[in-house]
Amino acid sequence: MRILTPLAIAAALFAAAAPLAFAAGGGGGAPAGGSAPSATPRQDPAIAYQAGVTALNTQNYREAIRQFRTARRAAPNNGAINYALGIAYSGNGDKPEAREAFERAVRDETAPVGARLQLGLVELELGHREQAVAQQTALAAAVAACDAACGDARRAQLQAAHDQLTRALEAPAPAADPATTGWNFPSVEEGRAAYAEAVGLINHERYAEAFAALERAQAAVGPHADVLNYMGFVSRRVGRLDTALGYYHQALALDPNHLGATEYLGELYIQMGDLNRARSQLARLDGLCAYGCAQREELARWIARAE
């Protein structure tokens, strides 16, 4: 496995005056990121997301809603965006809209742990006790399913969310601060540190901790193809292939020319026994890498070994 230098990467990735960009890397064991040049500019939901967080932190809920809705147009099913939008709607007193946003959030693997808690709480505020109990049950199941790959930190967050919703069901309480379940809206600077930390943890194969750090990075910067690609990489390494597939698809929806996600999706198809789709990913890299690239060569090696 090629070792990446976390602090050097983070410094290059998070240029303060520019839109956030993540690492360019090769194939193999270490995560691969970066994109081929694109002639068609694409809307970057991370920029609107960050503006939404800024507005949310100053309790300017209407502006936060506007910005998060802008971000959601580019990534409609992203759990982090829908969670943040739900928080903004709740702050603005728009409970039915908050419920809809939280419902969309919990359908996505990238949603923060607190999404089910917040959905349960808003259901209680709307008088829908049965639906709140359903979220309590879902959180209990998530705690039970949180294995070693899931990690102690995430298990503790899930348990805290379950316990808080249980207390609310027993004696309704105000909506929870997202920070109480270990997920809030960190600054971009904290996102830089979390991303660097994730790279270092991946290099040491500490995948549960790496995933938690990637979640913090996404909380800071919003949906980004490199973060989602790394989430896919970590999911693959712990054997969660279907989850990894979802992350790669999200990454490529945001950035169709992302070299790392294109390569790793091909590798995932090989792991899933679909060599034809892996060859399609190789053909895609042939088109993206006019002068050759490490991602193309690595996927070609995977395919050669599988044939």
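The values are calculated or read from the model by the stated rules, or taken from the named source; none is laboratory data. Only a predicted model underlies this, so the values are computations on that prediction, with no experimental measurement involved. Methodologically, a virtual Cβ is constructed for each residue, glycine included, from the backbone with ideal geometry; neighbour enumeration extends over all protein chains shown.
Laid out as a table, the results:
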| item | result |
| --- | --- |
| E197 more than 19 Å from V113 (Cα to Cα) and not in a helix (DSSP H, G or I) | no |
| Qualifying residue in the range 185-198 (condition: over 22 Å from I87 (Cα atoms), modelled with pLDDT of 90 or more, among the charged types (D, E, K, R) and touching a Leu at 6+ places or on another chain (Cβ under 8 Å)) | no |
| Residue that is farthest from L241 (Cα to Cα), among those in the range 275-293 that are of a type outside the set (A, V, I, L, M, F, W, C) and within 25 Å of the chain's Cα centre (by Cα) | R284 |
